[in-house]
1. Can you find even one residue in the stretch B:46-59 that is surrounded by fewer than 17 Cβ atoms within 10 Å (Cβ to Cβ) and away from chain A (no Cβ under 13 Å)?
2. Is at least one residue of the stretch A:51-67 touching a residue at least 12 places away in the same chain (Cβ under 8 Å), of a type outside the set (Phe, Trp, Tyr) and surrounded by 21 or more Cβ atoms within 10 Å (Cβ to Cβ)?
3. Take the residues of the stretch A:4-41 that are part of a loop (DSSP other than H, G, I, E, B) and touching a strand residue (DSSP E or B) at 6+ places or on another chain (Cβ under 7 Å): which is nearest to A:Lys51 (Cα to Cα)?
4. List every residue pair whose Cβ atoms lie under 7 Å apart, where the two residues are 6 or more positions apart in sequence or sit on different chains, the first residue falls within the stretch A:10-37 and is within 14 Å of chain B (Cβ to nearest Cβ), and the second residue, located anywhere, is part of a loop (DSSP other than H, G, I, E, B) and of a type in the set (A, V, I, L, M, F, W, C).
5. Answer yes if at least one residue in the stretch A:45-67 is away from every other protein chain (no Cβ under 12 Å), touching a strand residue (DSSP E or B) at 6+ places or on another chain (Cβ under 6 Å) and within 20 Å of B:Phe42 (Cα to Cα), and no otherwise.
6. Return the only residue of A:Thr110, A:Thr103, A:Thr77, A:Thr82 being facing another protein chain (nearest Cβ under 9 Å) and closer than 22 Å to A:His12 by Cα.
7. In this structure, does A:Lys51 turn out to be within 12 Å of the chain's Cα centre (by Cα), among the charged types (D, E, K, R) and either within 17 Å of B:Asp98 (Cα to Cα) or in a loop (DSSP other than H, G, I, E, B) (or both)?
Amino acid sequence: GQQVMQIPQYQHVQEGEDFTTYCNSSTTLSNIQWYKQRPGGHPVFLIQLVKSGEVKKQKRLTFQFGEAKKNSSLHITATQTTDVGTYFCAGHTGTASKLTFGTGTRLQVTL
Amino acid sequence: DTAVSQTPKYLVTQMGNDKSIKCEQNLGHDTMYWYKQDSKKFLKIMFSYNNKELIINETVPNRFSPKSPDKAHLNLHINSLELGDSAVYFCASSQDLDEQYFGPGTRLTVT
């Protein structure tokens with residue numbers, strides 16, 4: 001079945017450092033969504049990318065969707081303690097409503 | 001004005017018992033989901049309903065039975081609870097393949 005892997009599993013950075021998480025799917029995706037889950041919280045939608053090679057920015061966050069629509073990345077510039085949490089990518093295959101979540105990357109930020 | 005609500009938030013019960021978790025969304029979405037998040041934070045889809053019709057039924061023990069009385073509600077009933085059922089269960093909703101809105105989660109502990 002479809003698998004979506006993320007690396008790294010965990011990253012610990014000092015505040016102000018940059019952070020990147022990579023997402024790789026075993027199959028071509030029709031879209032990619034990114035979610036953030038704070039400790040003890042629930043996943044919250046961040047963004048959706050649909051087009052091959054698409055790049056979107058939200059303040060310090062930059063999201064990319066690969067040309068082959070099988071991988072994606074999330075880059076955070078100058079991390080802050082409020083960025084702490086687990087970041088999940090998730091993708092649909094074709095028109096199927098099943099959203100397959102990646103394995104997640106847990107980000108820890110310290111002062 | 002919670003968009004997706006779940007009850008209860010915490011559920012502690014003994015092996016062999018039967019329990020239910022309720023979910024309601026007031027977003028007018030036509031699709032609702034149940035996810036299981038284990039101790040390693042992996043998010044796995046269990047079921048999905050579209051306008052009260054079951055459209056996704058992953059490989060889940062038949063002790064788990066979803067019920068959707070109307071498109072705003074999706075409940076999860078679990079029979080003969082086992083230790084391995086301990087996890088956080090999230091309800092979510094979406095309109096088509098758009099972003100998913102998650103409920104706060106129900107932490108189930110089976111002793």
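Throughout, read-outs are computed from the coordinates displayed, never taken from laboratory work. Computed from a predicted model, the values in this text were never measured in an experiment. Cβ coordinates were reconstructed from backbone atoms using ideal geometry, including for glycine residues, and neighbour counts include every protein chain displayed.
1. First, the residues of the stretch B:46-59 that are surrounded by fewer than 17 Cβ atoms within 10 Å (Cβ to Cβ): B:51-55, B:57-59.
The next check asks that each one be away from chain A (no Cβ under 13 Å); those that pass are B:52.
Yes, some residue in the stretch B:46-59 is surrounded by fewer than 17 Cβ atoms within 10 Å (Cβ to Cβ) and away from chain A (no Cβ under 13 Å).
2. Step one: list which residues in the stretch A:51-67 are touching a residue at least 12 places away in the same chain (Cβ under 8 Å), which gives A:51-53, A:58, A:60-67.
In the following step, the residues that additionally are of a type outside the set (Phe, Trp, Tyr) were identified as A:51-53, A:58, A:60-62, A:64, A:66-67.
Within this subset, residues satisfying the condition of being surrounded by 21 or more Cβ atoms within 10 Å (Cβ to Cβ) are none.
No, the conditions are met nowhere in the stretch A:51-67.
3. From the stretch A:4-41, those part of a loop (DSSP other than H, G, I, E, B) are A:8-9, A:15-18, A:26-30, A:38-41; that's our starting set.
So of that shortlist, the ones also touching a strand residue (DSSP E or B) at 6+ places or on another chain (Cβ under 7 Å) come out as A:8-9, A:15, A:18, A:29-30, A:38-39.
On the way: A:Pro8: 25, A:Gln9: 26, A:Glu15: 32, A:Asp18: 25, A:Leu29: 10, A:Ser30: 8, A:Arg38: 28, A:Pro39: 31 Å.
Looking at the filtered set, the residue picked out is A:Ser30.
4. Between residues of the stretch A:10-37 that are within 14 Å of chain B (Cβ to nearest Cβ) and residues that are part of a loop (DSSP other than H, G, I, E, B) and of a type in the set (A, V, I, L, M, F, W, C), the close pairs are A:Asn31/A:Val50; A:Asn31/B:Leu97.
5. Looking through the stretch A:45-67, none of the residues is away from every other protein chain (no Cβ under 12 Å), touching a strand residue (DSSP E or B) at 6+ places or on another chain (Cβ under 6 Å) and within 20 Å of B:Phe42 (Cα to Cα).
6. On the way: A:Thr110 fails: facing another protein chain (nearest Cβ under 9 Å); A:Thr77 fails: facing another protein chain (nearest Cβ under 9 Å); A:Thr82 fails: facing another protein chain (nearest Cβ under 9 Å).
Answer to the check: A:Thr103.
7. Working: within 12 Å of the chain's Cα centre (by Cα): no; among the charged types (D, E, K, R): yes; either within 17 Å of B:Asp98 (Cα to Cα) or in a loop (DSSP other than H, G, I, E, B) (or both): yes.
Against the criterion (within 12 Å of the chain's Cα centre (by Cα), among the charged types (D, E, K, R) and either within 17 Å of B:Asp98 (Cα to Cα) or in a loop (DSSP other than H, G, I, E, B) (or both)), A:Lys51 does not qualify.
Residues are listed down the side, and each one gets a yes or a no for (1) acidic (Asp, Glu); (2) closer than 29 Å to B:Tyr10 by Cβ:
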| residue | (1), (2) |
| --- | --- |
| A:Gln2 | no, no |
| A:Gln14 | no, no |
| A:Gln33 | no, yes |
| A:Ile47 | no, no |
| A:Lys51 | no, no |
| A:Glu54 | yes, no |
| A:Ser73 | no, no |
| A:Ala78 | no, no |
| A:Leu111 | no, no |
